[in-house]
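The values are calculated or read from the model by the stated rules, or taken from the named source; none is laboratory data. None of these values were measured; they are calculated from a predicted model. Cβ placement follows ideal geometry from the backbone for every residue including glycine, while neighbour counts extend to all protein chains displayed.
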Amino acid sequence: MNAGDMGEVRAGRGKFLAMAATYFLGVFNDNFFKQAALLLAVAAGLSGLQGTATALFSLPFILFSAYGGWLADRYSKRRVIIGVKVLEVVAMVLGAYGIYTMNWTWILAMVFLMGLQSTFFGPALNGSIPELYPAWYVTRVNAVLKLVTTIAILLGMATAGIALDQHWLETEIPFGRLLVCGIVLVVALLGLLAAFGVKKMKGAGSRLPFPWSGPIVSLKDSIDLRHDPLLLLAVFGDTFFYFFSLIAVMIINTMGIAELKMSKTETSLLAVSLMVGVCVGALLAARLTSSERWSHVLGPACFGMGLCLLGTGTVAQIPMGFQWLLLLLTLVGAGVCGGIFLIPLTSFIQVRPRDDKKGKVIAASNFCSFSGMLVAGKLFTLFDAHFSPSRNMLFLGGAGVCCAVLFYMGAAYAVRHEKFQTQEVGHV
């Protein structure tokens, strides 16, 4: 580390605050609204809507990721971020109307728009991090950003249940629903204001043609990752994490309300405990890994996630007095392992591509991750109709333990391939 590197780090910190605030508010709003909608659905006996909502949120990433990556590589990422935040305001207006009227068509339309704005937001924001900081510092930045966004997820998921349970005033529409409507609108406007503080940066100026065929381009870009096994491993791991964690959260919601008869507040706090673990895991990942050395943690972290969720699945069979404590311990443990698993993957996906292809690669990664989430929503709906939530959690934990072996083998192969390629270049 030299004086120039430290100067680059200090210069990036001021504008990073605006970026972090923009990200925080957007993530909070997404999770606050989504958790409120899911809790209302489960309470109304419509737990299957969790899978439908997940599919609608994921669909824009599959259809439009190529466009989001193209915009981030062609134009100023700040302009893209501001445009996306305007779309978020529109989405939250629709969502607030849906919550107010309990019209599931409007609620699900808002979930789709939420996914659409995230499709364009991700490549612009994540691609700008390597433009603010040197490569060696990106893992630390991602750990801090993951901490910030995880806190936003925590607050969003926790306060959704709390807000719905409020009865400050006697109103024709339950006061909790009115409170949710007001919060999502205010936070969306604050996020738009924060976006204007993001650093002005010139676009990378990519001259790639517009990807008219959309998802076909994303699929092709994803297949092309096979030429870089380490990058392919990172994208596959990222996809697995979001597939795995999303199913876990949906099972937790159903398990808390339908099986263990907990309140909306208590059920939201269960999901919060998972995210608290992710915060801790993100900070540990910053110390245990770097953008050059990270694949060694994938197998052990995946094994830890699976083992902890196996413990979560046993809760329904133990005395009620111990259920809450065991749930907290196992979910926090799963979150810690998840944070260690995810952060190095995110950093490597940002650092590895060339500057004029970062948006393209991040978009391909989003395409894969949300394809996985779409499948997760469908699988949850299928399993929820035939098995109890605790049984589904046992299935999920067992799958995590088995997948740990695949990540161990995949990491070993990718590292060997990287060393071989480096030696070949050295000989040339």
Report yes if some residue within the stretch 354-366 is surrounded by fewer than 21 Cβ atoms within 10 Å (Cβ to Cβ), within 21 Å of Thr254 (Cα to Cα), over 14 Å from the mean Cα position of the chain (by Cα) and in contact (Cβ under 8 Å) with a residue 60 or more places away in the chain; otherwise report no.
no
Find all pairs meeting these conditions: Cβ atoms under 6 angstrom apart; at least six residues apart or on different chains; first residue within the stretch 175-193 and more than 10 Å from Met92 (Cα to Cα); second residue crowded, with 22+ Cβ neighbours inside 10 Å and of a type in the set (Gly, Ala, Ser).
Gly176/Ala163; Leu179/Ala163; Val180/Ala36; Val180/Ala163; Gly191/Gly26
Take the stretch 74-107 and flag every residue that is without any contact (Cβ under 8 Å) to a residue 12 or more places away in the chain and within 15 Å of Gly122 (Cα to Cα).
Arg79
Residue count for the stretch 298-325, restricted to those that are under 30 Å from Pro130 (Cβ atoms) and either at pLDDT below 85 or among the aliphatic types (A, V, I, L, M) (or both)
3
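Going by the structure shown, is Leu25 within 23 Å of Ile349 (Cβ to Cβ), among the aliphatic types (A, V, I, L, M), part of a helix (DSSP H, G or I) and modelled with pLDDT of 85 or more?
Working: within 23 Å of Ile349 (Cβ to Cβ): no; among the aliphatic types (A, V, I, L, M): yes; part of a helix (DSSP H, G or I): yes; modelled with pLDDT of 85 or more: yes.
No: the conditions fail for Leu25.
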For the stretch 237-244, indicate whether the set of residues that are over 30 Å from Tyr97 (Cα atoms) and among the β-branched types (Val, Ile, Thr) is non-empty.
yes
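Checking the conditions here, which among Ala334, Ala412 is over 30 Å from Lys77 (Cα atoms) and surrounded by fewer than 17 Cβ atoms within 10 Å (Cβ to Cβ)? Before the answer, list the steps.
Details: Ala334 fails: surrounded by fewer than 17 Cβ atoms within 10 Å (Cβ to Cβ).
When all the criteria are applied, what remains is Ala412.
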In the stretch 296-323, anything under 21 Å from Arg391 (Cβ atoms) and either without any contact (Cβ under 8 Å) to a residue 24 or more places away in the chain or aliphatic (A, V, I, L, M) (or both) is listed as Met305, Leu307, Leu309, Leu310, Val315, Ala316, Ile318, Pro319, Met320, Phe322
Out of Gly281, Gly306, Gly277, Gly256, which single residue is small (Gly, Ala, Ser) and out of contact with any Gly (no Cβ under 6 Å at 6 or more places or on another chain)?
Gly256
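Going through the stretch 203-255 one residue at a time, which ones are of a type in the set (Phe, Trp, Tyr) and modelled with pLDDT under 90?
Taking the stretch 203-255 and keeping what is of a type in the set (Phe, Trp, Tyr), we get 210, 212, 236, 240-244.
Of everything in the stretch 203-255, those that are of a type in the set (Phe, Trp, Tyr) and modelled with pLDDT under 90 turn out to be Phe210, Trp212, Tyr242.
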Return the only residue of Val148, Val93, Val111, Val141 being at pLDDT 85 or above and under 20 Å from the mean Cα position of the chain (by Cα).
Val111
Of a type in the set (Asp, Glu) and over 19 Å from Thr149 (Cα atoms): does that describe Asp228?
yes
Picking from Ser268, Ser295, the residue that is modelled with pLDDT under 80 and either out of contact with any Asp or Glu (no Cβ under 6 Å at 6 or more places or on another chain) or crowded, with 22+ Cβ neighbours inside 10 Å (or both) would be Ser268
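Mind checking whether some residue in the stretch 326-344 is touching a residue at least 60 places away in the same chain (Cβ under 8 Å), part of a loop (DSSP other than H, G, I, E, B), within 18 Å of Ile129 (Cα to Cα) and not polar (S, T, N, Q)? Explain how you work it out, then say what you get.
Filtering the stretch 326-344 down to residues touching a residue at least 60 places away in the same chain (Cβ under 8 Å) leaves 331, 334-335, 337-339, 341-344.
Restricting the remaining residues to those that are part of a loop (DSSP other than H, G, I, E, B) gives none.
No; the residues of the stretch 326-344 include none that is touching a residue at least 60 places away in the same chain (Cβ under 8 Å), part of a loop (DSSP other than H, G, I, E, B), within 18 Å of Ile129 (Cα to Cα) and not polar (S, T, N, Q).
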Can you find a residue that is within 19 Å of Ala411 (Cβ to Cβ), surrounded by fewer than 24 Cβ atoms within 10 Å (Cβ to Cβ) and either in contact with a Leu (Cβ under 6 Å, 6 or more places away or on another chain) or of a type outside the set (Ser, Thr, Tyr) (or both) anywhere in the stretch 273-285?
yes
Evaluation of Lys34 against (1) crowded, with 23+ Cβ neighbours inside 10 Å; (2) within 29 Å of Thr267 (Cβ to Cβ); (3) at pLDDT 85 or above (one fails), failing number:
(3)
Pairs with Cβ under 6 Å, 6+ apart, first in the stretch 216-231 and over 21 Å from Ser291 (Cβ atoms), second surrounded by 14 or more Cβ atoms within 10 Å (Cβ to Cβ) and polar (S, T, N, Q):
Ser218/Ser65
Among the residues of the stretch 21-52, write down those that are aliphatic (A, V, I, L, M) and under 15 Å from the mean Cα position of the chain (by Cα).
Leu25, Val27
Of all residues in the stretch 345-380, which are over 19 Å from Ile216 (Cα atoms) and either among the polar types (S, T, N, Q) or not in a helix (DSSP H, G or I) (or both)?
Thr346, Ser347, Gln350, Arg352, Pro353, Arg354
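Would you mind finding the one in Phe196, Phe121, Phe175 that is among the aromatic types (Phe, Trp, Tyr), buried (at least 19 other Cβ atoms within 10 Å of the Cβ) and out of contact with any strand residue (DSSP E or B) (no Cβ under 8 Å at 6 or more places or on another chain)?
Working: Phe196 fails: buried (at least 19 other Cβ atoms within 10 Å of the Cβ); Phe175 fails: buried (at least 19 other Cβ atoms within 10 Å of the Cβ).
Only one candidate qualifies: Phe121.
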